[in-house]
1. B:ASN9 versus A:GLU56, label points 7 Å from Cα toward the beta carbon: distance in nm?
2. What's the ranking of B:27-40, B:81-94, A:147-160, A:353-366 by average number of surrounding C-beta atoms within 10 Å, highest first?
3. If I histogram all Cα-Cα distances within segment A:11-64 using bins 10 Å wide from 0, what percent of pairs lands in each bin?
4. Taking the Cα centroid of segment B:64-83 and of segment A:2-38, what is the distance between the two, rounded to the nearest whole Å?
5. Can you give me the orientation-averaged projected area of the convex hull built on the Cα atoms of chain A, in nm²?
6. Can you list residues from other chains, or at least 5 along the same chain, whose modelled amide H is less than 5 Å from the amide H of B:GLY21?
7. Amide H neighbours of A:THR86 under 5 Å, counting only residues 5+ apart in sequence or on other chains, H built in-plane at 1.01 Å?
8. Please report the net charge: other residues with Cβ closer than 12 Å to the Cβ of B:ILE88, K and R +1, D and E -1.
Amino acid sequence: MLDTATIKKDFPIFESSPALAYLDSASTSQTPLLGLTAMDEYYTKYRANIHRGVYELSEIATDKYEQARETLARFLSAESEEIVFTSGSTLASNMLVYSLEKTLPLEKGDEIVTTIMEHHSNLIPLQELASRRGLTLKHIPLTEDVDLDYEKARELITSKTKIISVTLASNVLGTINDIKRLSELAKEAGAILIVDAAQAVGHMPISVRELGCDFLFFSGHKMCGPTGIGVLYGKKERLASLKPSLFGGSMVERVDTHTAEFASTVARFEAGTQNIAGAIGLAAAIEYLSRIGLSNIEHHVRDVTEYALSQLRSIKGVTLYCAGDPRKNAGIVSFLVEGIHPHDVAEIFSRGQVAVRSGHHCAQPLMGALGVTALVRASFYLYNSKEDVDKLVLGIKKAQSIFA
Amino acid sequence: MDEELYKQNILDHYKHPHGKGVLVDFDIKERGRNASCGDDLTLYIKFDQEHKVRDVAFEGEGCAISIAAASMLTETIKGKTAKELALISPGDIYNMLGIPISPGRVNCALLAYKALNDSIKTME
């Protein structure tokens, strides 16, 4: 286990709210001082636009921004020309789908394969693409123990499959998916494999080479980075032929009155002034997480999750809706308390300074598959301890006594 | 604080809601949904010959606040004319609930009210 008392000192929020049991990192995580300082430095010491000015401040800002790209590349075992900064997962997912639509030879009747556990940000752009181009969208279902049904995946992925888009970890179930296995199926089918890593990144070491994916995206704010910054990774060969779908300044080679030629580098996907401070803050967050060690964080979250699972299993009236094996769970425990709506559970928790999420978690098709309308979700990260879980348990008991 | 939000009155309405059910013969059937939490409720109203609410019912799922508010609303609108229904405001709902409603729970408190309000607009 990590020493959470020490770790909490790195996060100013716990100085402002010492009693806070923050169990909503799957929604957005907290920010370490290191990241805040890095962004502050940009704004106070060298703020300027990048890739434009010939003066010193602009050169410093450009260097820092490009260093952030290199940090991200190392973090993912990628190369810096494979890293595109975006505003987050949602933009990455949308612009990637538009770009693929312009780049791939898609024909009516071609297929997209995704899963029933996707976040709306990954799912809806695929739905829209399917409806624009007459493609068939298929969903890999769940097994009884809320794992992906890989046997069904094998049946669903065919030679007609052009795109496979799958989350690395479910934001509701915590389930960590076997991307390598899907990557093999993608290769056999000749399909492009997209991975939504929003819930997994910063929780475990990730190597895009090992995963064998073509594209991968995530948001910075779920991994101790600031809001408004994210990354789209694209394998070099794929990115080279990918057409841009957002247009504006900084992404062009030449523009005349009616046409434009686009940059040959990743700049092609970074139209307009980017979130410079955000990229710098995200790189600082990675530096912070790397100092603690991604494997250490993974093991710590696993221990807290294991404790939470065992505690919640022992409470009568609590039903779990998440991966029951902590080794296959990215630190998310979703549940229902019998006879009490998740909104009421969350409200009673909040009175005990326990922050959780309640609702459909932007995964309505999954809610339908589970046969529920809403769930309470507790999610764990490096600053959470078993004491936080104890507060959660107390909250459940309090809710049960109020509603008894 | 718990006593304030989940006082007995609210819990009683939640556990034994008034007007829970469906009307087969209705003049108004309006669905209300809370996009953030998935709460889903349908309100039914039947007017009598004097255009006053003769019968009202709701069905659906929701949290204690939304169900209690719907239950209280069904009690209060009986005998009212459509014009009188149009005069009901969110403030009336908060007064009926009699508890402080935080910004995060406004949509819960007003779920049934919004269905009522939408249905009256379509009538006009």
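1. 6.9 nm
2. Details: B:27-40: 18.4, B:81-94: 14.5, A:147-160: 16.0, A:353-366: 21.1.
Answer by packing, highest mean first, reads A:353-366, B:27-40, A:147-160, B:81-94.
3. All Cα pairs, binned at 10 Å, distribute as 22, 34, 21, 19, 4 percent.
4. Each part's Cα centre sits 44 Å from the other's.
5. Quarter of the Cα hull surface area: 20.2 nm².
6. Under 5 Å from the amide H of B:GLY21 lie the amide H atoms of B:PHE58, B:GLU59, each far enough along the sequence or on another chain.
7. For A:THR86, whose amide H was placed from the backbone, the distant partners under 5 Å are A:GLY230, A:VAL231, A:LEU232.
8. With Lys, Arg at +1 and Asp, Glu at -1, the net is +1.
Quick note: the coordinates plus some simple rules give every number you see, no bench work behind them. Every value quoted in this text rests on a predicted model; they were computed, and no experiment measured them. All Cβ positions, glycine included, derive from the backbone under ideal geometry; neighbour counts span all protein chains shown.
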